[in-house]
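Everything on this sheet refers to the single structure shown next.
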Amino acid sequence: MPNILSNTKLRTFLVVPFVLQIIGAVGLVGYLSFRNGQQAVNDLAFKLQSDVGERVDQHLDSYLGLAQQMNQINLNAIDQGLLNLNNLEQSERYFWLQAKNLKRLSYIGYYLENRGGTGAGFFDPKDPNPSVTIHPPGGLTEYNYATDSYGNHTKRISKTEWDVLAEDWYVSTRKAGKPTWRIYTYQELEGYVAASLNVPIYTRNRKLMGILGVDLTLPTISDFLRELKVSPNGKIFILERDGMLIASSSSGKPYKRVKGLTQRIRVDEVQDPLIQATNQQLQKRFRDLKTIKTNQQFDFQLDGHPFSELAQRQFVQVTPWRDPYGLDWLIVITVPESDFMSQVNANTRTTALLCLGALTLAMLIGILTARWITRPILNLNQAAKAIADGNFGQTVTLNRKDELGELSGSFNSMAGQLQTSFDNLRSLNQALSEKEKQLEIYNQTLEQQVQARTQELSEAMTQLQTAQEEIIQSEKMAALGHLVAGIAHEINTPLGAIQASIGNISSALDRALQELPPLIQTLSPERLTDFFTLLALARKPQTVLSSREERQLKRTLKQTLLEQELTNTDKLATLLSQMGVQGNLEPIFPLLKDPNAPFILETAYHLSSVQNNSQNIRLAVERASRIVYALKNFVRQDASGIPVSASVSEGIDIVLTLYQNQIKRGIEVTKNYQDVPLILCYPEELAQVWSNLISNAIQAMNYNGELGIAVFQQNQSVVVEVSDRGSGISEAIKDKIFQPFFTTKPAGEGSGLGLSIVHKIVEKHHGHIKVESQSGQTIFKVSLPLNFQLLTDT
């Protein structure tokens, strides 16, 4: 094989591989084009189905969720006294306005336990105004009136006799005690197939008042499905688990009329061959539709339809849809493969023809190009052999201005200059010897200049380090200056709490000393024991309750006292909730039944408040102590210059304490501290690092967002990550943020030295810092070595 290749002419090497590459590329492109076309059809079909499925799912959530929203709005209006259901005239007007303004509502109204009720809805699609129904209390007659644009009755449409309390939907909703759906037809009206959400109405004592309901017609969903363009022949239909049709995108009606009455239909009654074929595949594959719990995608192909889209493969997606109140439907999307393959096949044929033409043209161009390249190369080869034999006057003449023409000109110049180069070489050798002698003299002078310059640089470095330490300290004091007002507020807050608690203790103690002696004299030994039991319950450790939690506790206590048939339950429950008494009240029931129970509880409340306010004073003192401790550690300077063993997590917490006033304006701090060993470091300088990173993060989020701090060990380093949810750092300036005096803040709000100082302090600890940023999140990661002392010694 090597002998054959070495004997092959250059022209053959240029033409044959070129042609083979073109043939391989053309064949591969044609094959991949066909395969990619098929794969693209599959991907496109499933992607299209997923997108359409999500849109249908969102529409169902929005459309059917309207019923629950309206029911909740009306329940709130009833609860707040804005809607009096016993006033039929007011209620009729109220529901007429809702139906008028929300035309998507087919009907909205209510019925009470006394059979009274009213509502409004669009029973005649041609009428621009909703009609109203009125069912007077106690009777079985219901009247239906048409209205004008102001809600006034214009004529009576119908009069119906029926008992609402005996209706299945009323009975089932009352029994369930929660919102329930029903799918029904108003048979006398054309196309009135509706989903009705019925909600029980209770008084505050949980007594049933009646049923509130909203109707949404299902043909509206079919109209939405027809507007979705899945593909030219694709279909969408929604069905219940028992096979009853909810809606479909076919042109037929999603219901039928039998003897002038509207009735629902099953999916297999839909007059659409693609929907019927897909339903048959569903029944065949899943047997029981109730077993479908997650999204299902499959494809099938039917025989017996040689001239229709069903002769091609059909892509099917089945998506379960449920709501919290009992609806459980299946969304089925079917897309024929033929809707996409026609364009793919046309593209494949076009690609094959283009590839064949490109192959023919490439072969022709390759042959001509090889001949055009090889001929001048052969001429240059002959001239080079002549120069090798010593004939320096040999030249090559090519009338070309391309690279080969330039090569021939260079070749001719080379032949003329080659002899001159030999002569110049001798002169250069002599000049080189003279230059070597001069270089020795220059080297001696250069050593003296280097020593003097080194001394100057050493002195400048010492001055630079001193200036750097002063800049770090000044930046630290500047950061502290921004925190002073917040720290003063943080200290004044516990001081104010202490002052208020002292006043409360003094007042409560005076009242208790006045009330306790006569109370002890009037109580029997048994009641006195119960009195001390009550004080013990109030002294139990307890969390501070919010106003809402205290109101909830009061209602619970009042209910417990009512069950014991006690008097003054409201006042007793108020005192017990203020004392924070929770849990089992049985041990103090005898005391609560005493005629002087309110006076006894007031005395106990005054005694317990002394302990509660003392606890408040202790917590306030601890809080102020933490702030003072953090401030002392932050401003302390270590002039020894010797690293000490310190906790990284503790240093971060000290800085967080100083920034507490800024944090509580809207910052949520998430800390993830792992157990890491102490490290040798300069704690005051590291405090400057944490202060700069935390301050920048807070400002980046404009004092509102999530601040994350993580501490963990990675190999032989302790890593600290400070993250924020700000707008992020653009790639254009990310490499500049550690440069001195670089800042993005307005003039007068930043010196541009903060991150530069952070970078220098981290380098001083032989660590490194890096930043990761994208829109909505920025993370600064600081790595500090555990063996800092060893690195310092070396």
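The values are calculated or read from the model by the stated rules, or taken from the named source; none is laboratory data. These figures come from a predicted structure and were not determined experimentally. Here the Cβ is made from the backbone with ideal geometry for all residues, glycine too, and neighbour counts use every protein chain on show. The accessibility values were calculated without ligands, DNA or RNA, using every heavy atom of the protein model including side chains. Shrake-Rupley method; radii C 1.70, N 1.55, O 1.52, S 1.80 Å.
For this structure, a couple of remarks:
- Selection count where residues are of a type outside the set (S, T, N, Q), open to solvent by less than 30 Å² (accessible area, probe 1.4 Å) and farther than 15 Å from Glu188 by Cβ, scope segment 135-164: 5
Yes/no per residue for (1) modelled with pLDDT of 75 or more; (2) under 30 Å from Asp272 (Cβ atoms):
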position: Leu330; (1), (2): yes, yes
position: Ser338; (1), (2): yes, yes
position: Asn345; (1), (2): no, yes
position: Arg375; (1), (2): no, no
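- Any chance Lys103 is in a strand (DSSP E or B) and open to solvent by 70 Å² or more (accessible area, probe 1.4 Å): no
- Of all the residues in segment 224-234, those that are more than 33 Å from the chain's Cα centre (by Cα) and among the charged types (D, E, K, R) number 0.
- The C-beta contact set for segment 152-167 (first residue farther than 19 Å from Ser91 by Cα and in a strand (DSSP E or B), second residue hydrophobic (A, V, I, L, M, F, W, C) and open to solvent by 60 Å² or more (accessible area, probe 1.4 Å), distance under 6 angstrom, 6+ apart or interchain) comprises Glu161/Leu140.
- Being out of contact with any Gly (no Cβ under 6 Å at 6 or more places or on another chain) and farther than 30 Å from Val270 by Cβ is a condition met by at least one residue of segment 181-199.
- Count of segment 168-188 residues which are crowded, with 16+ Cβ neighbours inside 10 Å and either of a type outside the set (D, E, K, R) or touching a residue at least 40 places away in the same chain (Cβ under 8 Å) (or both): 8
- Only a single criterion out of (1) in a helix (DSSP H, G or I); (2) open to solvent by less than 30 Å² (accessible area, probe 1.4 Å) is not satisfied by Gln90, namely (2).
- Listed by first and then second residue, the pairs with beta-carbon distance under 7 Å, at least 6 apart or on different chains, first residue in segment 61-76 and of a type in the set (A, V, I, L, M), second open to solvent by 40 Å² or more (accessible area, probe 1.4 Å), are Leu66/Arg104.
- A residue that is of a type in the set (S, T, N, Q) and either modelled with pLDDT of 90 or more or part of a strand (DSSP E or B) (or both) can be found somewhere in segment 703-711.
- Some residue of segment 112-123 being under 22 Å from Lys159 (Cα atoms), in a loop (DSSP other than H, G, I, E, B), without any contact (Cβ under 8 Å) to a residue 60 or more places away in the chain and of a type in the set (Asp, Glu): no
- Residues in segment 200-230 that are touching a Ser or Thr at 6+ places or on another chain (Cβ under 9 Å) and open to solvent by 50 Å² or more (accessible area, probe 1.4 Å): Met209, Thr220, Arg226, Glu227.
- Of all residues in segment 127-138, those that are assigned to a strand (DSSP E or B) have Cβ atoms under 6 Å from Cβ atoms of residues that are among the aromatic types (Phe, Trp, Tyr), 6 or more apart or on another chain, in Ser131/Phe123; Val132/Trp96; Val132/Tyr145; Ile134/Tyr143.
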